[in-house]
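Undergrad: Encoded as structure tokens, here's the structure I'll be asking about.
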Amino acid sequence: MTDIRSKAKLADLPFDRRTLMLGTTAGLTAVAAGGLTALAPSSASAAPQINKPAPDFTAVDSNGKTQSLADLRGKVVALEWTNHDCPYVRKHYNTGNMQALQRQAADAGIVWLSVISSPPGEQGNVTPEKANELTQTRKAAPTAVLLDPKGQMGRAYDARTTPHMFLINAEGTLVYMGGIDSIPSTRADDLEKATPYFRDAMAAVAKGEPVKNAVTRPYGCSVKYTTS
Amino acid sequence: MPGRGTVARMSGVFDRRNLMSLALPMATLAVLLLAAKPTVALESTATTSPRVTATLISDAAQVTPGQTFRVGLRQKLALHWHTYWKNSGDAGAPPEIRLSLPDGASAGEIVWPGPDRIPAGPVMNYGYENEIVFPISVTVPRDAQPGQSFAVRAEAEWLVCERECIPEKGSFTLDIPIGDAAVAAASDIQAAFATADTRKPLSSPWTTRLAPEGDALALTVEGADLTRTAVKGAYFYPATWGVVDHAAPQQLSLSDGVLTLALAKGQTFNPEAKADGLLAVTDGGGVTRWFEINPSISTAPGSANPAPSVIETLPLWQTALFAFLGGLILNLMPCVFPVLAIKATAIAKLSGGALREVRLAGAYYTLGVLVAFAALAGTLLAVRAGGTAVGWGFQFQSPLFVAGMSWLLLAIGLNLSGVFEVGLGVGGTGQQLAQKSGHAGSFFTGLLAVVVATPCTAPFMGAAIGAALTAPVYICLLIFLAMGLGLAAPYALLGIFPGLARALPRPGAWMVRLRQAMAFPMYASAAWLVWVLSQQIGDFGVLIALSGALLVALAAWMYGIAQHGTGRGLVSRGLATAAIAGTLGLLVQLNGATPGAAARSETAAGANYEPFSNARLEALRREGKPVFVNMTAAWCITCLVNERTTLSTDAVQQAFRDRGIVYLKGDWTNRDPEIGAYLRSFNRDGLPFYAFYPAGGRDPVVLPPVLTEAMVVGELERASKSASIAPPSNR
């Protein structure tokens, strides 16, 4: 490459060229490799996606027990983001709609986790005792109520509203995310008219069928994430 | 709250405008006086909560049979409380209004005023603060009887939120007299409508299209009036949920006549469906207007050009010419210097050679440059097709590449120093093959020139390369090849005009001196790359790089002994080969090293900057703080020079402090998808990159890649000033 003397000798030429090619191809391969490694990890931090592994989580429930998705492998898991003072959440609890879904889940062997991502001082934040009291007084039937005051689990799932529903199949794949039903209102009488997206999703998974409307619009109050 | 002040300001404006709009009703003043009916404020009794005072208003105080007029739900909101647009964003819900009208009357839909963005942490909502009117057109039946009254009843429900949300509802009644002449409502009611009308969506005069690119969407708007001076901000409000990720920042880029917004695809984006919505455009005076757009969706990626910018507005030959000039300038860039060294020695060699040889060497060198450019373009295109945005100079983000490069440069340096010779061996050879060797040398010199030069291309070519990479494949290749020709031009010229070669000095002892001197830029580059490696993977990288360097030196020395010895030097050659193998073994070690584990030397307590993150940038902008963003990398020499000579100087740092500017620095030494995406949103693919976000959440000003103190301070001054004159009307 840089030979000043033009009287190069035959025996050396192969080595000469080999060195050159080695260097340059190493360089170009590194370019390509750089490009390829650039491809691989790009989806890791992105928002959850349907038919992809659901983001892992570890959170303490209202009984002090640590729940993690890894431990629940083999079970279908339903996630419900909640805030008991949000009018949209109240619509579903006051009418008994949410409790009915929770019982339906329990009957089908589905683990139902209610998640509270409100930090202290924000609407919906509760002590573990208050969480249990709410479950009792509302006759709710979740498997557990997870407390996520730092919003880590909420952000991992990109949960934006209360309620915001997710369904994870036994293989840990996210199969539903979105609204509880199709009519975004606080009116109780809309329940009957609405398409019950989440109920349909649970039924489909229980039967081993694909979920028809796997991504729908979540509606409700915004999740009151901590700003710190 | 900037929003509040704005609305107050606007209503002031429209009081005046209202006087003008009263000019027409003045004609009916006589009628009015005769009828002895004063204009009455037509506003229903209010439904009041601590959050909202809601009424039903009418813009007509008296209606005539067949007249079309407007009623509206008027909401006066307490500070920080908001109600929603028809697409409420991530949370919330739009108001619902049900009208009951006399038989034969008809009503239209709500004409939704253009909304503002109302972020809440990672959630983005679209709605209104302060005061808003939701207008609906109503037509009085032709057989309505003057003297009677026209009763409008409204049942409305709305959700009002601050951090918490409260559903509210109200029933409203208006009895509007029916007469022989129309009478407009009193000025305060007109003013309320007028305020809402400043947000009334206008029909868009522009052609718009939406192009999906992986997880992203590019919204392109074309119109001659879309210039950098006329447009200071833009935001796309999709009419329905799921088209666009509402919370993702929308990065604006503008070239005259073309506006592009980089959007994140929503969860249910469907290229078959409509993606209509409102484009909010904020002009130089800080006034925002909303335009209804229904962009066509280009489904076949590559068939449409998603980010036209410079490329589309310039004829192809001009684009190529600029790329060629860019390539030519590359010869003068600091990191091409090691390559210049190679070239200088090569030219020195040529001065003694035959004419035909000179020509061929030039041709081979050019070919090498072009092949390297084509390979780089191809790799970038392939990776881009995979949906990941990589940056120009990205190969320097791979520690493997950096270590390999430093050893290669060391080996070249040792060769120049005379430790070993390339192509000097035992046994005789024909002139033919020697020539071939020379040509292969020229070819690979060309390849090397490009590979080493890439980090320097960004300053001059950053924007053009960014545009090229979003352009159709053939244009992209054309630009890269034109750049390659530019880089090769000085050398190729020697081939085309052999007279120049003849004018070159005769070979002599000076060549040996020159060659030896040229070894030092090589060593310097190798040393710099070791430092880059230390930034990437810390002290472990330095250990590996230096051990490798030792082995390379050993190999070179051994090989040199074999060359100078009398025998065949099998032992020396064997040792040299073993050393090279050991070096390659070290490279494997690097593979396992985790990038990012670098001991960052500068993030100490005394640091005058904060590390860049999108979240931090968004938070600061929401607070209305001015922000200066600097994207840098250890392998970007221009970046480091800019920092030393400009950004870190007392004058600039003082200017930052005086204006309360938060200095965010992003380090792209290792691959970082967040920074990659950020640069892409500006249509850039390389470093350096500097952007200034003036106070008040205004849109950023992108600074040129080569900075001077006066320029930076001047730019801060200019941007801050225009910001203080025109507070944003759209948050």
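Undergrad: Please go through the stretch A:161-185 and pick out each residue that is of a type in the set (V, I, T) and surrounded by 23 or more Cβ atoms within 10 Å (Cβ to Cβ).
TA: A:T161, A:T162, A:I168, A:I180
Undergrad: Does the stretch B:190-210 include one or more residues that are under 24 Å from B:A275 (Cα atoms), of a type in the set (G, A, S) and at pLDDT below 85?
TA: no
Undergrad: For B:F656, which of the numbered conditions (1) within 14 Å of chain A (Cβ to nearest Cβ); (2) in contact with a strand residue (DSSP E or B) (Cβ under 9 Å, 6 or more places away or on another chain); (3) in contact (Cβ under 8 Å) with a residue 24 or more places away in the chain fails to hold?
TA: (1)
Undergrad: Are any residues in the stretch B:615-655 touching a helix residue (DSSP H, G or I) at 6+ places or on another chain (Cβ under 6 Å) and assigned to a helix (DSSP H, G or I), and if so, which ones?
TA: The answer is B:R621, B:I637, B:T638, B:T646, B:A651, B:V652, B:A655.
Undergrad: Which one is surrounded by the most Cβ atoms within 10 Å (Cβ to Cβ), of the residues in the stretch B:475-522 that are modelled with pLDDT under 65 and of a type in the set (A, V, I, L, M)?
TA: In this case the residue turns out to be B:A501.
Undergrad: Specify which of the listed residues (A:D61, A:D107) is in contact with a strand residue (DSSP E or B) (Cβ under 9 Å, 6 or more places away or on another chain) and away from chain B (no Cβ under 14 Å).
TA: Unique residue meeting the criteria: A:D61.
Undergrad: Still on this structure, I have one more. Which ones in the stretch B:195-230 are charged (D, E, K, R) and either within 14 Å of chain A (Cβ to nearest Cβ) or closer than 23 Å to B:D256 by Cα (or both)?
TA: Of everything in the stretch B:195-230, those that are charged (D, E, K, R) and either within 14 Å of chain A (Cβ to nearest Cβ) or closer than 23 Å to B:D256 by Cα (or both) turn out to be B:R209, B:E213, B:D215, B:E222, B:D225, B:R228.
Undergrad: Tally the residues that are buried (at least 17 other Cβ atoms within 10 Å of the Cβ), over 29 Å from B:E162 (Cα atoms), within 21 Å of the chain's Cα centre (by Cα) and among the polar types (S, T, N, Q), restricting the search to the stretch A:56-110.
TA: 2
Undergrad: Of the residues that make up the stretch B:184-203, is at least one assigned to a strand (DSSP E or B) and either aromatic (F, W, Y) or crowded, with 18+ Cβ neighbours inside 10 Å (or both)?
TA: There is at least one residue in the stretch B:184-203 that is assigned to a strand (DSSP E or B) and either aromatic (F, W, Y) or crowded, with 18+ Cβ neighbours inside 10 Å (or both).
Undergrad: Please list, ordered by residue number, the strands (runs of 3 or more DSSP E) wholly in the stretch B:223-324 having 1 or more residues that are at pLDDT 90 or above and surrounded by 15 or more Cβ atoms within 10 Å (Cβ to Cβ).
TA: Filter on the stretch B:223-324 gives B:231-238, B:258-264, B:277-283, B:288-293.
Undergrad: Further question on the same structure: Just the residues that are in contact with an Asp or Glu (Cβ under 9 Å, 6 or more places away or on another chain), more than 14 Å from chain A (Cβ to nearest Cβ) and in a strand (DSSP E or B), please, taken from the stretch B:71-96.
TA: Across the stretch B:71-96, the qualifying residues are B:V71, B:G72, B:R74, B:Q75, B:K76, B:L77.
Undergrad: A follow-up question, please. Could you tell me which numbered condition B:R684 fails, if it satisfies all but one of (1) over 17 Å from B:F628 (Cβ atoms); (2) part of a loop (DSSP other than H, G, I, E, B)?
TA: Single failed check for B:R684: (1).
Undergrad: Can you find a residue that is within 15 Å of A:H84 (Cβ to Cβ) and in contact (Cβ under 8 Å) with a residue 60 or more places away in the chain anywhere in the stretch A:188-195?
TA: no
Undergrad: Which one is nearest to the other protein chains (Cβ to nearest Cβ), of the residues in the stretch A:176-209 that are within 18 Å of the chain's Cα centre (by Cα) and part of a loop (DSSP other than H, G, I, E, B)?
TA: A:G179
Undergrad: Return the only residue of A:A159, A:A204 being at pLDDT 90 or above and either in contact with a Gly (Cβ under 7 Å, 6 or more places away or on another chain) or over 22 Å from A:A47 (Cβ atoms) (or both).
TA: After applying the criteria, what remains is A:A204.
Undergrad: On to the next question. From the list B:L414, B:L370, B:L424, B:L408, which one is modelled with pLDDT of 80 or more and either assigned to a loop (DSSP other than H, G, I, E, B) or within 7 Å of chain A (Cβ to nearest Cβ) (or both)?
TA: B:L408
Undergrad: Looking at this structure, is A:G121 in a helix (DSSP H, G or I) and within 14 Å of chain B (Cβ to nearest Cβ)?
TA: No.
Undergrad: What strands (runs of 3 or more DSSP E), lying completely within the stretch A:1-112, carry at least 1 residues that are over 30 Å from A:T127 (Cβ atoms), modelled with pLDDT of 75 or more and of a type in the set (A, V, I, L, M)?
TA: Hits in the stretch A:1-112: none.
The values are calculated or read from the model by the stated rules, or taken from the named source; none is laboratory data. Source: prediction; values computed, not measured. We place every Cβ from the backbone using ideal geometry, glycine too, and count neighbours over all the protein chains shown.
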